Amino acid sequence: MNLIRTFVFNPIQTNTYVIQHAETQGRGVIVDPACACTAEFEQLTAYIAEKGITVERVVLTHPHFDHLMGAAAVCRHYGLPLYLHEKAVPLLAACTNPAATYGMPVPALPESLEILKAGDRVPFGDTALEVRYTPGHCEGSVVYVWADQQTVFTGDVLFRDSIGRTDLPTGDWDVLRKSILEQVFTLDDAYTVRPGHGGRTSVGYERSHNPFLG
Ligand SMILES: [Zn+2]
């Protein structure tokens, strides 16, 4: 049973995840709507339609432009707000600037936002994601823990053999390290890590191999 589908979108190669609570009549969540053009938007929405998934939430890991390039279009399409951490909101306006630097279109922002805080649950079907606050790559950055599937969506906090960059505004290495140790590495080794870029890994592998956290 495959309840998680990964799409790699936009020139920055950002992962968008579509997750569903059950194989049939799934109720789902989109993590980081990163689609940046009509073709990518149609790829995402066609998959969801084909699988018959009812999208109940659209959530953001952190307010960087490459993770939210499709947020306005996706939220409008499903008639949903964008859920994000309260400290991500002030960074939204500034996060559209790098899009111009990369020669990419400035992403539109969703019309409606909903605030998440640490400890909140994002329910869908008979399951839910847990919100953990993980600043350090930037303020307003969260990871989403799906305990039922032993999976954590880490955005740009933790990657396979790497960690998020800390040289962007509000980035801080000490804060990031603390976030990973206290919010991600407190999960069991068996947890699958699904990051914002690149392939999946596990908490156990990163605990013993990640060169930045030894
Ligand atoms: Zn980022």
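Annotations
- Test set (1) surrounded by fewer than 18 Cβ atoms within 10 Å (Cβ to Cβ); (2) away from the ligand (no atom under 13 Å from the Cβ) - R57 fails condition number: (1)
- Residue count for the range 11-27 under the criterion of being surrounded by 13 or more Cβ atoms within 10 Å (Cβ to Cβ), within 21 Å of Y102 (Cα to Cα) and modelled with pLDDT of 95 or more: the result is 3.
- Inside the range 136-163, residues that are surrounded by 22 or more Cβ atoms within 10 Å (Cβ to Cβ) and over 14 Å from V193 (Cα atoms) make up a count of 5.
- Pick from the range 167-200, criterion at pLDDT 95 or above and within 11 Å of the ligand (Cβ to nearest atom), ranking: farthest from the chain's Cα centre (by Cα): H197
- F65 vs. criteria touching a residue at least 24 places away in the same chain (Cβ under 8 Å) and either within 16 Å of the ligand (Cβ to nearest atom) or under 28 Å from P135 (Cβ atoms) (or both): yes
- Qualifying strands (runs of 3 or more DSSP E) (wholly inside the range 122-214; at least 1 residues being among the charged types (D, E, K, R)): 127-133, 192-195
- Just so you know, in the range 11-37 the residues that are free of Cβ contacts under 8 Å to residues at least 40 places away in the same chain and within 11 Å of the chain's Cα centre (by Cα) include one that is nearest to Y47 (Cα to Cα), and it is V18.
- Positions within the range 48-73 being touching a helix residue (DSSP H, G or I) at 6+ places or on another chain (Cβ under 7 Å) and either of a type in the set (K, R) or assigned to a helix (DSSP H, G or I) (or both), in sequence order: F65, A73
- Of the residues making up the range 99-119, at least one is within 16 Å of the ligand (Cβ to nearest atom), small (G, A, S) and not in a loop (DSSP other than H, G, I, E, B).
- Condition met for S112 (surrounded by fewer than 17 Cβ atoms within 10 Å (Cβ to Cβ), more than 24 Å from T6 (Cα to Cα) and in contact with a Pro (Cβ under 7 Å, 6 or more places away or on another chain)): yes
- Taken over the range 179-214, the residue count meeting the criterion of being farther than 16 Å from G155 by Cβ and touching a Leu at 6+ places or on another chain (Cβ under 6 Å) is 0.
- Answer residue from the range 68-81, given it is within 16 Å of the ligand (Cβ to nearest atom) and small (G, A, S) and is surrounded by the fewest Cβ atoms within 10 Å (Cβ to Cβ) among those: A71
- When T186 is tested against (1) of a type in the set (V, I, T); (2) without any contact (Cβ under 8 Å) to a residue 24 or more places away in the chain; (3) crowded, with 16+ Cβ neighbours inside 10 Å, exactly one condition is not met: (3).
- Residue match in the range 76-83 (condition: in a loop (DSSP other than H, G, I, E, B), within 18 Å of the chain's Cα centre (by Cα) and over 30 Å from D126 (Cβ atoms)): no
- Taken over the range 134-152, the criterion of being within 16 Å of the ligand (Cβ to nearest atom) and within 19 Å of S202 (Cα to Cα) is satisfied by T134, V142, V143, Y144.
- Of all residues making up the range 28-54, the number that are under 17 Å from Y83 (Cβ atoms) and either surrounded by fewer than 18 Cβ atoms within 10 Å (Cβ to Cβ) or modelled with pLDDT under 95 (or both): 1
The values are calculated or read from the model by the stated rules, or taken from the named source; none is laboratory data. Quantities reported herein were computed from a predicted structural model and do not represent experimental measurements. Counting neighbours? That spans all protein chains shown, and the Cβs are built from the backbone with ideal geometry, glycine included.
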